[in-house]
Amino acid sequence: MASSPPLIISDTDKRGAVVVVATVTLSFVLVAFLTRVYVRLKVSGPWSYDDTTLTVATAIGVAQSTAVFVEVREGFGRTGSDLDAAAIARVGKADYASSLLYLIALCLSKCSVIALIMRLTAVKMHKLVAWVNIGASIAWAFSSILVITIACTPAGSFTDLEGQCSGLFSRWAYVAAVDIATEVAIFGLSIYLVAGLKMALKLKATVVMAFAVRLPVIAIAAIRLHYLHDEVYSDDPTLVGYSAAIWTQAEVAYSLLATAAACLGPFLRPFTRPYLADTRYQGSRGRTMPEGYDLSKVSNSKNSNKHSDSSRSGGRRGPAGHRKQKSAQSDYSDSEARLRPDMVSHASHVSHSRQSLDSHDSKRMIITKNMEWRVEYDGGEGSTSRRNESVESSSA
């Protein structure tokens, strides 16, 4: 007689559904995380604290999935009448560990996204609001752990959850409500990040949408709470609870996926036209300039306006007629969002001659500098500007 599969899906056994969902979601999380690692190390570095936080969150997520596999092995997903007291106690312990790891993984994923936002800005008020969000996320995790563990016995009978842990559903309702509130706050932080920037509304929407991909976590958390209600008040929680377990895995996985995907724009940029059209200084000294401005470089403060005005003025001229310019830091990182995809090219050529007919056979040297700019921008024609300069200097 042929043997039955080890995990089947029937009216009294839902273990197979839990294992399939946990396996698929874990696979997606690992692929997204490895892609993020590749982007940071090969495409858009450097590695920073937001990546480290995501790494720890992913490790906790893997541990949480492992606890679910152990839970299923002990009998979770089967009807309680098929399990003995010892098996139900082991299911309770595994479920307890899975719940704690679930909260920690979600907290770290929130902190990773907020850390990425902090990485994109240099405005002190932005950073302050981000730190407040990080503090709120950590406070939510600690309070949630206390709420679901106080006066509860994880090794107790899984057949009477409300009796073993009084007010269990109300506790999980608190966890879900604050979870949703922190997600809304993170989305609001992304809007606040670009609200004061002087840039096209379309570009602002692009930045906000990069963080809006986390919003489905809110719906998943609400659906999970609904099935937790069914589990807590059910006469057969080891069987009925499989739906809540599935949505728990979905929430953890999607949260980690959305966090990993937040920086994948640079990974896709090599396949777009603006990235392929590399912009360079052409001439004896060539270097590559980015095709946009980092968010951390953009500010509408008075100091920024003064700096831009002084840059346009071109500096001062010294006694000998030489131009003195302030050196500006131009260290751009692909890890930070480029909000202005305008294409700019600058060509500069410098030459000199020791003997000049224009100076009537004098001993002065003449240095001729030819400069050319071309700017291309979305929705408009490109413009070209040229300038020729000649600087005379007396020889020693």
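The values are calculated or read from the model by the stated rules, or taken from the named source; none is laboratory data. Nothing here was measured: the structure is a model prediction, and the numbers come from that model. Glycine also receives a Cβ, built like all others from the backbone with ideal geometry; neighbour counts cover every protein chain displayed.
Would you call V68 closer than 17 Å to F158 by Cα, assigned by TED's automatic domain parsing to the domain that holds A261 and crowded, with 24+ Cβ neighbours inside 10 Å? The answer is yes for V68. Can you find a residue in segment 209-232 that is touching a residue at least 24 places away in the same chain (Cβ under 8 Å) and under 15 Å from V19 (Cα atoms)? Looking through segment 209-232, none of the residues is touching a residue at least 24 places away in the same chain (Cβ under 8 Å) and under 15 Å from V19 (Cα atoms).
A single entry from A122, A130 fulfils the requirement of being touching a residue at least 12 places away in the same chain (Cβ under 8 Å), in the same structural domain as D179 (by TED's automatic domain parsing) and crowded, with 23+ Cβ neighbours inside 10 Å: A130.
Would you confirm, using the coordinates I've provided, whether V68 is in contact (Cβ under 8 Å) with a residue 60 or more places away in the chain and in contact with a Gly (Cβ under 7 Å, 6 or more places away or on another chain)? So V68 fails the test. Among all positions in segment 20-32, there is no residue which is within 29 Å of I145 (Cβ to Cβ), touching a residue at least 12 places away in the same chain (Cβ under 8 Å) and not in a helix (DSSP H, G or I). Within segment 39-53, does at least one residue satisfy the condition of being within 17 Å of I246 (Cβ to Cβ), in contact (Cβ under 8 Å) with a residue 24 or more places away in the chain, assigned to a helix (DSSP H, G or I) and among the hydroxyl-bearing types (S, T, Y)? There is no residue in segment 39-53 that is within 17 Å of I246 (Cβ to Cβ), in contact (Cβ under 8 Å) with a residue 24 or more places away in the chain, assigned to a helix (DSSP H, G or I) and among the hydroxyl-bearing types (S, T, Y). When segment 63-115 is filtered for residues that are outside any helix (DSSP H, G or I) and either touching a helix residue (DSSP H, G or I) at 6+ places or on another chain (Cβ under 8 Å) or aliphatic (A, V, I, L, M) (or both), the ones remaining, listed by number, are E74, G75, F76, G77, R78, T79, L83.
Here are some residues: A130, A97, A141, A105. Which one is farther than 14 Å from L256 by Cα and modelled with pLDDT of 95 or more?
It is A141.
Take A260 and decide whether it is within 19 Å of L106 (Cβ to Cβ), surrounded by 23 or more Cβ atoms within 10 Å (Cβ to Cβ) and at pLDDT below 95. Here the answer is yes, as A260 does meet what is asked. Highlighted here are the helices (runs of 4 or more DSSP H) found entirely within segment 116-212 that include at least 1 residues which are touching a His at 6+ places or on another chain (Cβ under 6 Å): 168-195.
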